[in-house]
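Structure record follows, encoded as C-alpha cells.
The values are calculated or read from the model by the stated rules, or taken from the named source; none is laboratory data. No experiment lies behind these values; they were computed from the predicted model shown. When we count neighbours, we look across all protein chains shown, and the Cβ atoms used for this are built from the backbone with ideal geometry, even at glycine. What goes into the accessible areas is simple: the full protein's heavy atoms, side chains included, and nothing from ligands, DNA or RNA. Shrake-Rupley method; radii C 1.70, N 1.55, O 1.52, S 1.80 Å.
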Amino acid sequence: MIRNVLRVELGERSYPIIIGEGLLQQAATLLQEGGIAPAARLFVITDEHVALRYLPPLEDNLKSAGYSVHAYVIPAGEQSKSLSMYEKVMTAAIEAGLDRKSVILALGGGVVGDLAGFVAATYMRGIRFVQLPTTLLAHDSSVGGKVAINHPLGKNLIGAFHQPQMVLYDTAAIATLPERERAAGFAEVLKHGLIADEGFVAWLEQHASELWDLDSELLGKAIFRGCEVKANIVSADETEQGQRALLNLGHTFGHAFEALSEYSRLNHGEAISVGMCLAAKVAERMQLASAGVYARTRELLRRYHLPTAWPHWLDPEDVLEVMKRDKKAVGGKLALVLPRAIGRVELISDVDEALILTVMKEEAGA
Ligand SMILES: NC(=O)c1ccc[n+]([C@@H]2O[C@H](COP(=O)([O-])OP(=O)(O)OC[C@H]3O[C@@H](n4cnc5c(N)ncnc54)[C@H](O)[C@@H]3O)[C@@H](O)[C@H]2O)c1
Ligand SMILES: [Zn+2]
C-alpha cells in the first residue's frame, strides 16, 4: 500500500500528515505509532453524513485495539460551526469524562475539523486532537492549525491556533463525496499550484481526467503536494504576519461572491475559482503577468469542472463594495494577491479600484 507522510515543521508543534488509501481501517495502529496509547480516552466528533459510512468501522477498529471511544454526531453543514453546537459538544465531552490526556478525533470535512479543533483548543485549556479528513477541501484545513466557529455577525470570528497531533488522510473516503464538493476541493488544490509551483500545475493539467476520476495514487500525490505548499507557507508564518496572505489568491473576489450569494448558488471552491480567473485577468491588465496566464488558469479550472464565468446574478459595483469592506481599502486602492506567472503570486497593496471594476464589468457583460 502507498502511504505518503508529510511533516509539517512547526518546532515542538510539528506533526505528520499521513496520506493513503484505507487509513481509517488502520487508525488504531497509526494512533499508537503517533504516541497515543490506548490508555487515552478518545472522543470522535463527526457529522451525520460521514457518521453513516465511516463511524462504525472506525469505532470497531479503535475498540478492538483497546481504546475507550465516545462519539458525538453533529448535523452536516456550516451552521454547525456555532456557539450553541460548541456548547453541546463540550457538554458531551464533559459527560464522557474526558481529561487532559484525552484526545479528540475530528472525522469529517472542514466544518467538523474547525469545530472539533476549537473544542480541543479550549477543553480544559487545550487537549490533543487528530484530524481524519474525509473531504478534499479538508487538505487545506488540515494544515495551519486554524480552528474556529462562527458568530452570527461573521464567519470564523471565534477561534484559536491549535495544531493537531497528527492527520490521518484516508483518500478512499473522497470517493463518496458529492461531485460539487469534489470540484470545490480541487479548487484549493489548484490554488496551491497556482500560488507556488508551475511544475505542479503542469502535472495537474496532464493528469486532470485521472485525478477527476480519483485515481488513488495520483490523488494521494495531489493532496500531498497541496498540503506541502500550504505547510511551507504556514511554517514560515504560523500566525499570519505576512506570507500567509498569499494563500488568499482568488479569495477577496470569492468572499465577496459568497457574501452576496446563497450558498446553494455558489460554494466556497466555486467562488474562489471565478476569483482566481479575475485575479489573473486583472494581473494581465496591469502587465504584472504576461499574456496567457489568464487563459491557462481558466482552462485548468475548467478541467476540474469548476465555474470560471461571472456569476450572472451579481452586480460588479456591489461586489467591489464588499471587497473594499473585506480589505479595508484606502484611497481608491485595494490590496490583492495577483499572479506574476503560473506558480508565482504576489500581494499587491495598491491595485486601482477602477481597473478592478472595469474587468468585472467586462466579465459580467461577456
Ligand atoms: N481551518 C482552516 O484553515 C480552513 C481552511 C479551509 C476551509 N475551512 C473551513 O472548512 C469548511 C468547509 O469544509 P468542507 O468543504 O470540507 O465542508 P463540510 O465539512 O461541510 O463537508 C461538505 C459536505 O460533505 C459531506 N461529506 C464529508 N465527507 C464526506 C464523504 N467522504 N462522503 C460523503 N459526504 C461527505 C459533509 O457531511 C458535508 O455535507 C468551512 O467551514 C471553512 O471555513 C477551514
Ligand atoms: Zn479557501
remark   = Contact list, first residue from the stretch 274-301 and among the hydroxyl-bearing types (S, T, Y), second anywhere and part of a helix (DSSP H, G or I) and surrounded by 18 or more Cβ atoms within 10 Å (Cβ to Cβ), beta-carbon distance below 7 Å, six or more apart or interchain, is Y294/C277; Y294/A280; Y294/K281; Y294/E284; T297/L194; T297/M276; T297/C277; T297/A280
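Can you list the helices (runs of 4 or more DSSP H) lying wholly within the stretch 1-99 that have 3 or more residues being aliphatic (A, V, I, L, M), touching a Cys at 6+ places or on another chain (Cβ under 9 Å) and assigned by TED's automatic domain parsing to the domain that holds M124?
Counting at least 3 such residues, we get no helices (runs of 4 or more DSSP H) at all.
Which is free of Cβ contacts under 8 Å to residues at least 24 places away in the same chain, open to solvent by 50 Å² or more (accessible area, probe 1.4 Å) and away from ligand 2 (no atom under 16 Å from the Cβ), of E48, E95?
Only one candidate qualifies: E95.
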ask   = Looking at A354, is it aliphatic (A, V, I, L, M) and in contact (Cβ under 8 Å) with a residue 40 or more places away in the chain?
value = no
message = Here are the criteria: (1) more than 18 Å from V234 (Cα to Cα); (2) in contact (Cβ under 8 Å) with a residue 60 or more places away in the chain; (3) not assigned by TED's automatic domain parsing to the domain that holds L336. Tell me which single one A184 does not satisfy.
response = (3)
Selection from the stretch 261-287 of residues that are open to solvent by 40 Å² or more (accessible area, probe 1.4 Å), on the phi < 0 side of the Ramachandran plot and polar (S, T, N, Q) = S264
message = Yes or no: the stretch 33-44 includes at least one residue that is open to solvent by less than 20 Å² (accessible area, probe 1.4 Å), under 30 Å from Y263 (Cβ atoms) and among the hydrophobic types (A, V, I, L, M, F, W, C).
response = yes
message = Being within 14 Å of the chain's Cα centre (by Cα) and either under 23 Å from Q79 (Cα atoms) or in contact (Cβ under 8 Å) with a residue 60 or more places away in the chain (or both) is the filter here; which residues of the stretch 226-243 pass it?
response = G226, C227, E228, K230, A231, V234
Restricting the stretch 247-260 to residues that are of a type in the set (G, A, S) and within 10 Å of V319 (Cβ to Cβ), the residue that is surrounded by the fewest Cβ atoms within 10 Å (Cβ to Cβ) = A259
message = Within the stretch 107-128, does at least one residue satisfy the condition of being within 16 Å of ligand 2 (Cβ to nearest atom) and of a type in the set (A, V, I, L, M, F, W, C)?
response = yes
query = When the stretch 89-115 is examined, which residues are found to be under 21 Å from the mean Cα position of the chain (by Cα) and under 19 Å from L62 (Cα atoms)?
reply = I104, L105, A106, L107, G108
query = Name the strands (runs of 3 or more DSSP E) wholly within the stretch 116-225 that hold at least 1 residues that are buried (at least 23 other Cβ atoms within 10 Å of the Cβ), under 14 Å from the mean Cα position of the chain (by Cα) and within 9 Å of ligand 1 (Cβ to nearest atom)?
reply = 128-133, 146-151
query = For the stretch 51-83, what are the residues that are in contact (Cβ under 8 Å) with a residue 60 or more places away in the chain, closer than 17 Å to T135 by Cα and surrounded by 17 or more Cβ atoms within 10 Å (Cβ to Cβ)?
reply = Y54, L58, K81
task = Among the residues of the stretch 260-269, write down those that are more than 11 Å from ligand 2 (Cβ to nearest atom) and within 18 Å of the chain's Cα centre (by Cα).
result = Y263, L266
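Residues checked against (1) in contact with a helix residue (DSSP H, G or I) (Cβ under 9 Å, 6 or more places away or on another chain); (2) open to solvent by less than 70 Å² (accessible area, probe 1.4 Å); (3) within 26 Å of G193 (Cα to Cα); (4) not aliphatic (A, V, I, L, M):
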{"site": "W310", "(1), (2), (3), (4)": "yes, yes, yes, yes"}
{"site": "W313", "(1), (2), (3), (4)": "yes, no, no, yes"}
{"site": "E317", "(1), (2), (3), (4)": "yes, no, no, yes"}
{"site": "K333", "(1), (2), (3), (4)": "yes, no, no, yes"}
{"site": "V345", "(1), (2), (3), (4)": "yes, yes, yes, no"}
